[in-house]
Amino acid sequence: MNLPDPNRLIDELAEKIRPNLNPDSAMLGIHTGGVWVMEALVERLGVDVPRGVLDIAFYRDDFSRIGLHPEAKPSSIPFDVEGRNILLVDDILYTGRTIRAAMNLVFDYGRPNRIRLAVLVDRGGRELPICAQYVGATLDLGQHVNLVRDAQGRFDLVLRDMDARGLTS
């Protein structure tokens with residue numbers, strides 16, 4: 001399957017987002033791929049919006065089942081969330097559970113005016129009623145897709161097979 005060029009998708013996302021930025025806007029990228037996409041969006045938008053990083057490891061609903069991810073990092077929201085128009089950014093939207101966890105984390109910092117979601121790829125398979133307002137590409141996949149970044153900062157999408165339990169191999 002030919003996957004779209006994520007660098008082009010980020011350009012398209014930036015153009016979709018641009019008209020909706022205002023002085024109360026802020027961006028939060030979900031660790032790791034969402035942070036990469038957020039940084040690329042800020043560069044392409046050419047604006048200096050407040051931004052932060054979310055690591056939702058402790059907010060996952062499967063934390064007790066799968067344990068802590070070995071690369072868990074602290075979240076950093078260096079601005080007041082209260083009354084802000086938050087643009088939550090992630091790389092791949094699948095079940096919606098990561099986004100639910102991210103919103104729970106955001107609300108621990110305060111009550112934003114609004115939360116919008118921007119994702120590079122929506123691959124379907126939702127388990128929760130969550131949708132993105134800004135989507136780079138919608139792909140119907142029976143495989144996991146990951147965003148990878150090379151040493152020069154260029155992005156690529158990579159498919160990974162799933163086993164019978166839906167886990168990546």
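Below, the figures for the structure above:
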item	result
Listed peptides 78-84, 40-46 by packing density, highest first (mean Cβ within 10 Å)	40-46, 78-84
Calculated Rg and Dmax of the chain using C-alpha coordinates, Å	15.5, 47
Among beta bridges that DSSP assigns inside the chain, antiparallel share in %, nearest 5	30
Part-to-part distance (alpha-carbon centres) for the stretch 139-162 and the stretch 19-60, which is given in Å	20
For peptides 23-35, 121-133, 5-17, sequence by mean Cβ density within 10 Å, most packed first	23-35, 5-17, 121-133
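Taken together, the values in this text are just the output of simple stated rules run on the coordinates, not laboratory data. These figures come from a predicted structure and were not determined experimentally. Here Cβ is always computed from backbone atoms with ideal geometry, including for glycine, and neighbour counts include all displayed protein chains.
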